[in-house]
Amino acid sequence: MKNFFRVAFSLAVLAGLVLLERKRPLRRERESKLRRNSRNLIVASLGALTAHFIESPVVRPLAHIVERKRLGLLKQFTLPRPLEIFAAVVLMDYTLYLWHVLTHRIPFLWRFHAVHHVDLDLDASTALRFHFGELAVSVPYRAAQVLLIGVDAETLSYWQMFLSLSILFHHSNIRLPRRAESALSWFLVTPRMHGIHHSNEPAEANTNWSSGLACWDRIHQTFRLDVPQEQICIGVKDIDTEERVRLPVILAQPFRDLS
Ligand SMILES: [Zn+2]
């Protein structure tokens, strides 16, 4: 039932973001919205099935074992519960920053993550569009995060909720007041920040790797907010025609030319 409320709440947030995208768009879109959003929702459905049938059966039971046997870093201390949850969310968020860097740097992982990046526009539907292969290959890393940090099932749910809301928000095509966004970007990843990460220029794309808290980019000096959104071409160079981003093409993309 808890899961049901989490999904319902995320859908309500998504609906709110879609309304705001229509009222205050940040970037002009290149492709037909209906076609893109339908494609992204199909990719998202395959991703949801993968999360349900491959990720959850590994990560959830592991989180219960962590709790029962007090495994992992945070379970070695008796921290007040709110502090333990906060520390776990921060550590999960930081290790996800590292994973995101790896998905760009390691060619095998980039094959899968590139499917997320070849979207020719960026909006809340892009937040849902991760290739099922990317979700599957991230399971061992996710399991290691849970085990080493010491994340129990309840804490895992809090982190998943935080991450879902954050990625919906920073992928959205919403024009926030510039000064408010500048201030917010000290704490959270914002739409302009993530728009720069989705640029087809490597010098711009290789920045803003954070997925929740923006501090990791500040600490690693990978933060950028100095590229006007109207100058950004969203996508990946050489994979930027409508032919190259059709649904069957992007689903097969990670497996192409594998030798
Ligand atoms: Zn990326």
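The values are calculated or read from the model by the stated rules, or taken from the named source; none is laboratory data. No experiment lies behind these values; they were computed from the predicted model shown. Virtual Cβ from ideal backbone geometry, glycine too; neighbours counted across all protein chains shown. SASA here: full protein model, heavy atoms, side chains in, ligands and nucleic acids out. Shrake-Rupley method; radii C 1.70, N 1.55, O 1.52, S 1.80 Å.
Figure legend. Inter-residue proximity from the stretch 209-236: first residues over 22 Å from GLU29 (Cβ atoms), second residues basic (Lys, Arg), beta-carbon distance below 9 Å, spacing 6+ or different chains. Indicated pairs: SER210/ARG218; ASP217/ARG224.
Taking the conditions exactly as written (within 16 Å of the ligand (Cβ to nearest atom) and either more than 20 Å from ASP93 (Cα to Cα) or not small (Gly, Ala, Ser) (or both)), does VAL146 satisfy them or not?
Details: within 16 Å of the ligand (Cβ to nearest atom): no; either more than 20 Å from ASP93 (Cα to Cα) or not small (Gly, Ala, Ser) (or both): yes.
Against the criterion (within 16 Å of the ligand (Cβ to nearest atom) and either more than 20 Å from ASP93 (Cα to Cα) or not small (Gly, Ala, Ser) (or both)), VAL146 does not qualify.
Filtering ILE239, ILE250 for residues that are modelled with pLDDT under 95, open to solvent by less than 60 Å² (accessible area, probe 1.4 Å), under 24 Å from ALA136 (Cα atoms) and more than 19 Å from the chain's Cα centre (by Cα) leaves a single hit, ILE239. Taking residues in the stretch 79-107 that are in contact (Cβ under 8 Å) with a residue 12 or more places away in the chain, and partners anywhere that are more than 16 Å from the ligand (Cβ to nearest atom) and polar (S, T, N, Q), the pairs with Cβ atoms closer than 7 Å and at least 6 places apart or on different chains are ILE85/THR155; ALA88/THR155; MET92/GLN145; THR95/GLN145. Checked against the criterion of being open to solvent by 50 Å² or more (accessible area, probe 1.4 Å) and among the aliphatic types (A, V, I, L, M), the candidates LEU147, LEU135, LEU168 yield just one match: LEU147. Taken together, the residues in the stretch 212-236 that are open to solvent by less than 80 Å² (accessible area, probe 1.4 Å) and among the polar types (S, T, N, Q) amount to 2. Where helices (runs of 4 or more DSSP H) sit wholly within the stretch 152-220, those with at least 1 residues that are on the phi < 0 side of the Ramachandran plot, more than 16 Å from the ligand (Cβ to nearest atom) and modelled with pLDDT of 95 or more occupy 153-171, 178-184, 215-219.
Evaluated against (1) assigned to a helix (DSSP H, G or I); (2) of a type outside the set (A, V, I, L, M); (3) more than 15 Å from the ligand (Cβ to nearest atom), ASP121 falls short on exactly one condition, (1).
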